[in-house]
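Student: What follows is a structure written as structure tokens; I'll ask about it next.
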Amino acid sequence: MSRRNDRRNDRRNDRRNDRRNDRRNGRRVGRRIGRRIGRGTTPRDRGQVAVEYLGFLPILLLVALAGIQLGIAAYAAQQAGTGARAAARAATHDDTTLGTGEAGRSAMSGWIAERAEVAPLEGSGEITVTVTVEIPSVVPFWDFGSVTKSATLPLPEEGE
């Protein structure tokens, strides 16, 4: 019996020494030899990060589309201002090769100019041109309306 107890004690001491060495080397182990405690302990944990990513992916895409949409809206506003200034400048010149609307649309990008409305309004000694551009939508099912910019320039005097 003593041999059996000696063998049992030797095995216990070996396990204890293995656990001590693992702890010293930065590894945490359970009571059973070779079972590590920490990340991925059960087979059910595999793929959890992928599932969480798939759940968060629509939110990331919506944020990205909102950022792109904000850039497009700012670009449409900038193009409307450029078109309004160009149309007002064309209306103040004596050379009428281009009409007010044509001058405003030619100063804008093609895909923005297709959505633009140019409306000149002549007052006492000045002209005001208003350009309204419909903002293109990147995010489905959302309408972002339109942006309106105006430019006012003095008309040349008749004697000049």
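The values are calculated or read from the model by the stated rules, or taken from the named source; none is laboratory data. These numbers were taken from a predicted model, which means no experiment stands behind them. When we count neighbours, we look across all protein chains shown, and the Cβ atoms used for this are built from the backbone with ideal geometry, even at glycine.
Student: Among the residues in the stretch 131-138, are any crowded, with 16+ Cβ neighbours inside 10 Å, over 30 Å from the mean Cα position of the chain (by Cα) and not hydrophobic (A, V, I, L, M, F, W, C)?
Tutor: No - not one qualifying residue is present in the stretch 131-138.
Student: What residue, of T100, T96, is exposed (fewer than 13 other Cβ atoms within 10 Å of the Cβ), β-branched (V, I, T), at pLDDT below 90 and assigned by TED's automatic domain parsing to the domain that holds V147?
Tutor: Unique residue meeting the criteria: T96.
One line per residue, one yes/no per condition, for (1) out of contact with any Phe, Trp or Tyr (no Cβ under 9 Å at 6 or more places or on another chain); (2) modelled with pLDDT under 90:
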position	(1), (2)
S109	no, no
A113	yes, no
K149	yes, no
L155	yes, yes
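Student: Further question on the same structure: Considering the stretch 54-111 alone, what residues qualify as being touching a Pro at 6+ places or on another chain (Cβ under 8 Å) and over 21 Å from P156 (Cβ atoms)?
Tutor: Those that are touching a Pro at 6+ places or on another chain (Cβ under 8 Å) and over 21 Å from P156 (Cβ atoms): I72, A76, W111.
Student: Follow-up question, since we're still on this one. Quick check: anything in the stretch 71-78 farther than 30 Å from G101 by Cα, in a helix (DSSP H, G or I) and among the β-branched types (V, I, T)?
Tutor: no
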